[in-house]
1. Identify all residues within segment 70-101 that are in contact (Cβ under 8 Å) with a residue 40 or more places away in the chain, under 30 Å from Ser164 (Cβ atoms) and in contact with a Phe, Trp or Tyr (Cβ under 9 Å, 6 or more places away or on another chain); write none if there are none.
2. Could you name every one of the strands (runs of 3 or more DSSP E) located completely within segment 67-134 that has at least 3 residues being of a type outside the set (A, V, I, L, M) and modelled with pLDDT under 95?
3. Let me confirm something: among Pro126, Pro158, which residue is in contact with an Asp or Glu (Cβ under 8 Å, 6 or more places away or on another chain) and surrounded by fewer than 15 Cβ atoms within 10 Å (Cβ to Cβ)?
4. What is the number of the single condition among (1) surrounded by fewer than 17 Cβ atoms within 10 Å (Cβ to Cβ); (2) modelled with pLDDT under 95; (3) in contact with a Phe, Trp or Tyr (Cβ under 8 Å, 6 or more places away or on another chain) that Phe173 does not meet?
5. Kindly provide the set of residues from segment 74-97 that are farther than 15 Å from Val60 by Cα and in contact with an Asp or Glu (Cβ under 9 Å, 6 or more places away or on another chain), ordered by number.
6. Scan segment 141-149 and tell me whether some residue there is over 26 Å from Leu35 (Cβ atoms), polar (S, T, N, Q) and open to solvent by less than 40 Å² (accessible area, probe 1.4 Å).
7. Could you go through segment 205-217 and let me know if any residue there is over 21 Å from Ala280 (Cα atoms), out of contact with any Phe, Trp or Tyr (no Cβ under 9 Å at 6 or more places or on another chain) and either surrounded by 12 or more Cβ atoms within 10 Å (Cβ to Cβ) or touching a residue at least 40 places away in the same chain (Cβ under 8 Å) (or both).
8. Checking the conditions here, which among Val97, Val60, Val53, Val86 is aliphatic (A, V, I, L, M) and open to solvent by 60 Å² or more (accessible area, probe 1.4 Å)?
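The values are calculated or read from the model by the stated rules, or taken from the named source; none is laboratory data. All values derive from a computational prediction rather than experimental measurement. Note that each Cβ is placed from the backbone with ideal geometry, even for glycine, and that neighbours are counted across all protein chains shown. Side chains are part of the model used for accessible areas, which takes the heavy atoms of the whole protein and leaves out ligands, DNA and RNA. Shrake-Rupley method; radii C 1.70, N 1.55, O 1.52, S 1.80 Å.
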Amino acid sequence: MDPVKTKLAENLETQQDETEGEPFGNQPLQQGRPLLPPGVPQYFIPLRGSKPVGSELIYVPTLLGASQIRFSDSKSAIDTTQDMTVLAPIADGAVAVDWDRASATDLAVADLERDPEEGAQFLALPASAGKAKSYADWNKDFVGWLFRTQKVELFRSPNTKAVSQSGESERDFRVRLQQTGREQRDKGAEGLRQKYATKIGTLQERIRRAELAKEKQQAESRSSQMQAAISVGASILGAFLGRKTISASNIGRATTAVRSAGRVMKESKDVGVAEENVTALQQQLAVLEAQFKSESDALAAATDPLNEKLETICIKPTKANIAVKLVTLAWTPHWRDTEGRLAAAWQ
């Protein structure tokens, strides 16, 4: 059974007649529709379903309020309209209608009927419901109740600035955000690639040239080492073969050997510097690539709608944005069983 209709039926069953103290289901019935003053609006809610065995059709007087509410907030760029129709029980007593006991319903005003079903019986109409002035007062109270109780709560994504639609669940909103998140992530990733592409490319080119320089220094160092070894070896060999200890030739060879050794030391240092340069550039590249990965991961996490913390926006209507379409006596059809229990008959 529709929970809205169940709630209204429970309200009607538990509401007591102030003079007789009997539940609605046990109150005296009236054959035929009550005669009302011309200024009292009344409609009949359409009967749905088949008649249960052993039951009889009873019309119960209720108050129907139909409205259109606009929820607008320029700061959040929200402007949505909702139709709202409610049914409220009518009682005899100081407070004939309590809108806080109203139940929302999906009844359309256009579906209301002017005439009841044949053979139906009617519960007694509370005295206040037979006065046209009461409906003007209830209309005013209805506006106040809507103003006090109605609101729209929406979800907002801080990252995309997107706002959920009226009636959209958090899950559905997150699903819708996934597409927006993918688009934003792709756009951000492209921006990061462009940001780092030039820097990474420049470092890679510097590393390539540094590698070439290192290889050149290593080749020159090997050549110098070989020449130095030959010069030293020639000097030692000349001395070993018994040539004069001191001669212009021996002194020249020794001098050449010393110079070669000096070049070897210098070029060995140059090789070390070249290697350090390559290592330093590789470290810079590693740091840059780590920064790129860190920013890419942060971008992916920031645009993930499943992990994003959503904001809640609460929008309430102004009285100027509440339009009451109808406040009327609405006869709601019920089946009453042999024990006097009522069951909604407009399913």
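1. Within segment 70-101, Ile78, Thr80, Gln82, Trp99, Asp100 meet the criteria.
2. By residue number, 78-89.
3. Pro158
4. (1)
5. Asp79, Thr85, Gly93
6. There is no residue in segment 141-149 that is over 26 Å from Leu35 (Cβ atoms), polar (S, T, N, Q) and open to solvent by less than 40 Å² (accessible area, probe 1.4 Å).
7. No, segment 205-217 contains no residue that is over 21 Å from Ala280 (Cα atoms), out of contact with any Phe, Trp or Tyr (no Cβ under 9 Å at 6 or more places or on another chain) and either surrounded by 12 or more Cβ atoms within 10 Å (Cβ to Cβ) or touching a residue at least 40 places away in the same chain (Cβ under 8 Å) (or both).
8. Going through Val97, Val60, Val53, Val86 in turn, the sole match is Val53.
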